[in-house]
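Undergrad: First the structure, then my questions, so here it is.
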Amino acid sequence: MSESLETPVRLRTTLDSVPGYKPGRPAAMAAEDSERGVTSVFKISSNENPYPPLPSVLDIVREAATTMNRYPDMASSELTHALAQRVGVSADEVSFGTGSVGVLASLIQITCEPGDEVVYAWRSFEAYPIVVALAGARSVQVPLDADARHDLDAMAAAVTDRTRLLIVCTPNNPTGPSVRADELRAFLRSLPEDLLVVLDEAYLEFVVADDAPDALAIYREFPNVVVLRTFSKAYGLAGLRVGYALARPRITTALRKAATPFGVSDMAQKAAIASIAAFDELQERVVSLVAERRRVVDALGEAGVDIPDTQANFVWLPLGERALEFAAFADENGLVVRPFDGDGVRCTIAEVEANDRLIDVVTRFYAG
Ligand SMILES: *Cc1c(COP(=O)(O)O)cnc(C)c1O
């Protein structure tokens, strides 16, 4: 047996710049937590839906599990038709992937040659630099403005003849604001018409701002726009990995070629179909989460905590150099949050008890 676990194989150098995935601490109560007197731990670090699966969805997944010796329908035909009908597009404008991150990786693969540029705001979704680097493309990160919003003028100015893809994350993860419809239209009109623009709407269902864009209307106006959505957040299917793109058929065809074969499991396809059918029931949960968001935002406001507008299922604490310190304090109090060193902390709106604790922990931290 070889002495060590070392290997001399050559790996792509780009991997050195790709951060490894740091999983959040599991929410299961650790022994040390009970010693500290903390009786429960809430994981509010991944923007997950706190509600358990709907019984109707769970039943269908259980049933689908009995045929897991078979490959799923590679074309996700039934889901494609259900979704196309729901959204009001044709089936050849819909393509699925292993979460919308999977679809995004395919979008980069179908647009970027090595060295081509992908423009997006920063700070934004952590997965962007990873999927861009792995495709051999180059990230061009455009700083958010002082209100933690996309600076669309600066993003337009960052586009060069090497830019092949541009991402608008609305609402923006991790800071919360959505872009305005009018500024987005003007922005899109200013861009080259052959540049693929992704509207990442992972948190669409939580948006209440009157001036937020109707991405579908914009998609119809601009043939270079792709709308990216997911069943992970509002629909509560994060663990099953299913997301989708709405795009012109030529793009859909390319995406289907690039997708991981059989990537979307039969359980995921059926759970998504069942979730579309249970839309009203799921929408009630979204309404509750939005009300909880309002409650948390108001309470933080009363405590004098200044945070950016949020249209998503999380709040952003722009703590700068104190981000890690806050995360440690939250952890001591049974809240697993998502800190970004030197920048801020993202906290998911979750069950009422978790939100109560969040209000308490933030208030005490800012007062101390
Ligand atoms: C959570 C999230 C996604 C969706 O991820 P899935 O791969 O669909 O689970 C996409 N974009 C953003 C900005 C997100 O925060």
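Undergrad: So residue 364 clears everything in (1) in contact (Cβ under 8 Å) with a residue 60 or more places away in the chain; (2) over 15 Å from residue 176 (Cα atoms); (3) basic (Lys, Arg) except one condition, right? Which one?
TA: It fails just one condition, (1).
Undergrad: Of 323, 291, 328, 303, which residue is more than 16 Å from the ligand (Cβ to nearest atom) and closer than 14 Å to residue 363 by Cα?
TA: Answer to the selection: 303.
Undergrad: Separate question: Could you please find all residues in the range 56-86 being within 16 Å of the ligand (Cβ to nearest atom) and either of a type in the set (A, V, I, L, M, F, W, C) or in contact with a Gly (Cβ under 9 Å, 6 or more places away or on another chain) (or both)?
TA: The answer is 79, 83.
Undergrad: Looking at the range 136-154 only, could you name the residues that are at pLDDT 95 or above and within 23 Å of residue 19 (Cβ to Cβ)?
TA: Those that are at pLDDT 95 or above and within 23 Å of residue 19 (Cβ to Cβ): 137, 138, 139, 140, 141, 142, 143, 144, 148, 150.
Undergrad: If I filter the range 293-304 for residues that are touching a Leu at 6+ places or on another chain (Cβ under 6 Å), surrounded by 20 or more Cβ atoms within 10 Å (Cβ to Cβ), modelled with pLDDT of 95 or more and not assigned by TED's automatic domain parsing to the domain that holds residue 149, do I get at least one hit?
TA: There is no residue in the range 293-304 that is touching a Leu at 6+ places or on another chain (Cβ under 6 Å), surrounded by 20 or more Cβ atoms within 10 Å (Cβ to Cβ), modelled with pLDDT of 95 or more and not assigned by TED's automatic domain parsing to the domain that holds residue 149.
Undergrad: Oh, and also: Filter the range 120-149 down to residues that are aliphatic (A, V, I, L, M) and touching a residue at least 40 places away in the same chain (Cβ under 8 Å) and give me whichever is farthest from the ligand (Cβ to nearest atom).
TA: 133
Undergrad: If a residue has to be buried (at least 24 other Cβ atoms within 10 Å of the Cβ) and within 10 Å of the ligand (Cβ to nearest atom) to count, how many in the range 103-119 make the cut?
TA: Selection size over the range 103-119: 2.
Undergrad: Among (1) within 16 Å of the ligand (Cβ to nearest atom); (2) in contact with a Lys or Arg (Cβ under 8 Å, 6 or more places away or on another chain), where does residue 355 come up short?
TA: With (1) within 16 Å of the ligand (Cβ to nearest atom); (2) in contact with a Lys or Arg (Cβ under 8 Å, 6 or more places away or on another chain) applied to residue 355, the lone miss is (1).
Undergrad: Another question about this same structure. Considering only residues of the range 36-51 that are surrounded by fewer than 19 Cβ atoms within 10 Å (Cβ to Cβ) and either among the polar types (S, T, N, Q) or at pLDDT 95 or above (or both), which is farthest from the ligand (Cβ to nearest atom)?
TA: 39
Undergrad: Within the set of pairs 6 or more residues apart or between chains, which connect a residue that is within 13 Å of residue 74 (Cβ to Cβ) and of a type outside the set (A, V, I, L, M) inside the range 93-104 to a residue that is in a strand (DSSP E or B) and within 7 Å of the ligand (Cβ to nearest atom) with Cβ atoms less than 6 Å apart?
TA: Hits for this filter: 97/243.
The values are calculated or read from the model by the stated rules, or taken from the named source; none is laboratory data. A quick note: this is a predicted structure, and the numbers were derived from the prediction, not measured. Cβ atoms come from the backbone with ideal geometry, glycine included; neighbour counts cover every protein chain shown.
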